[in-house]
Amino acid sequence: MEVTKRRDFGSFLSKSIVQILLIIWSIFQLFPIVWLLYSSFKPSGEIRANIFSFPKSLYLENYDFDFLASTGTTIGIYIKNSAIITIISLIFITIISILAGYAIAKIKFFGKNILLLILIALLGVPIHSLLIPLYYFIARIGLLSNIWGLILPYTAFFSPFSVILLQAYFREFPNELIDAAKIDGCNNLNIFFRVVMPVTKGAISTVLIINFINIWNEFLFSLVINKQNYAKTIPVGLMNFKGQYYTDWGPMLATMVVAILPPIIFYFIFHRNIIKGMTAGAVKG
C-alpha cells in the first residue's frame, strides 16, 4: 500500500513539474505577442520612457495608416505586395511539390533516386549565399523591383523541401488502393486526383503553412531585389520607421501587429487539416 502511494505521489509530482515547465514555456512564447499588442497602443515617447509598461491610454494614432501614407510609408502597398508574392509563390510551390512528390514516390522512371539525392543536397545550400549571383541574374533579365523577381526565386528555393516532405508522405500511401484503382481502369492522372489527393490535405496544409511563414517573413532577398518603395514587402517596409537617429516605435509596432495577423489567420484555417493528416491511419478498424 505504501509503495503504491509513493508511486502515485511520484507520478503526480513528475506530471506537475512537466505542467509547470510547459506553463513557463508558454508564457515565454506568448509574452512577446502580448507585449507587441499593448505596446502598439502607446506613443513612441512613452515606449522609449518605459518599454514594458502598459499604455496610460489607448493611443490609436499609431494605426492611422492614412497619415503614414502622407509621410511616404505606404503600408497598404507593402501588405498587398507581400500578399501577391506569397500567394502566387505558394500556388507554384504546391503544384510543383505535389506532382513531383507523387512521381518520385509512386512512379518508376529513370534517374528517380538521383533526382531525390539532388533535392536533398539542395537543402544543404544556404539560400542567402546565392544572393549576389541571383541579384545580377535578376538585374540582367529586368526583374528588379518586380514581384516576379521574388516569386521565381522563392519558388525555386522552397520547392525542394516541399517535394521531399510530400514524397515521404506519398510513400506511406497504401499501394493496394492505387492497384485497385488501376484494376477499375484509372490511369495515373485519375488515380492522383480521385484517390490520392482527397486524403493528402494534412500534408499539403503543412507545406502551405511552412512556406507561407517563410515567404511572408523573408527579408534579405526582398530588401536587395525590391528597392523601390512601390515594390517593397512588409518586412522591408518596416525599415521606413527607422532613421539614423530616430525610430518611430509606435507606428512600427502597430504595423507589426497588422503584419503578423495573416500568418496567424492562415494557421488557424489550415491547422485542423495538419492534425487530421498526422492522425490519419493511427487507429485501425
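Of the residues making up region 190-231, those that are outside any helix (DSSP H, G or I) and modelled with pLDDT of 85 or more are GLU218, PHE219.
The lone criterion from (1) part of a helix (DSSP H, G or I); (2) more than 30 Å from ASN226 (Cβ to Cβ) left unmet by THR86 is number (2).
In summary, LEU58 fulfils each of the numbered conditions (1) of a type in the set (A, V, I, L, M, F, W, C); (2) outside any helix (DSSP H, G or I); (3) at pLDDT 85 or above with the single exception of condition (3). Restricting ILE141, ILE127 to residues that are surrounded by 16 or more Cβ atoms within 10 Å (Cβ to Cβ) and not hydroxyl-bearing (Ser, Thr, Tyr) narrows the list to ILE127. Residue under question is SER53, and the condition is that it be at pLDDT 85 or above and closer than 30 Å to ASN190 by Cα; does it hold? No, not satisfied. When region 128-149 is filtered for residues that are touching a residue at least 40 places away in the same chain (Cβ under 8 Å) and within 23 Å of the chain's Cα centre (by Cα), the ones remaining, listed by number, are HIS128, LEU131, LEU134, SER145, ASN146, ILE147, GLY149.
Residues in region 43-63 that are over 14 Å from THR247 (Cα atoms) and touching a residue at least 24 places away in the same chain (Cβ under 8 Å): TYR59, GLU61, TYR63. Residue-level check: of (1) in the same structural domain as TYR230 (by TED's automatic domain parsing); (2) farther than 30 Å from LEU189 by Cβ, THR86 misses just (2). Within region 87-123, the set of residues being loosely packed, with under 11 Cβ neighbours inside 10 Å and under 26 Å from PRO263 (Cα atoms) comprises just one member, LEU123. When region 233-268 is filtered for residues that are at pLDDT below 80, surrounded by fewer than 16 Cβ atoms within 10 Å (Cβ to Cβ) and in a helix (DSSP H, G or I), nothing remains.
Is it true that GLN228 is assigned by TED's automatic domain parsing to the domain that holds VAL163, more than 21 Å from ILE95 (Cβ to Cβ) and either among the aromatic types (Phe, Trp, Tyr) or touching a residue at least 24 places away in the same chain (Cβ under 8 Å) (or both)? In short, yes. Could you tell me whether region 147-168 includes any residue that is in a loop (DSSP other than H, G, I, E, B), assigned by TED's automatic domain parsing to the domain that holds MET239 and surrounded by fewer than 20 Cβ atoms within 10 Å (Cβ to Cβ)? So far as region 147-168 goes, yes, one or more of its residues are in a loop (DSSP other than H, G, I, E, B), assigned by TED's automatic domain parsing to the domain that holds MET239 and surrounded by fewer than 20 Cβ atoms within 10 Å (Cβ to Cβ). Screening LYS15, LYS42 for residues that are at pLDDT below 85 and basic (Lys, Arg) leaves exactly one candidate, LYS15.
The values are calculated or read from the model by the stated rules, or taken from the named source; none is laboratory data. Given the structure is predicted, the values throughout are model-derived calculations rather than measurements. Positions of Cβ are backbone-derived with ideal geometry, glycine not excepted, and every protein chain shown enters the neighbour counts.
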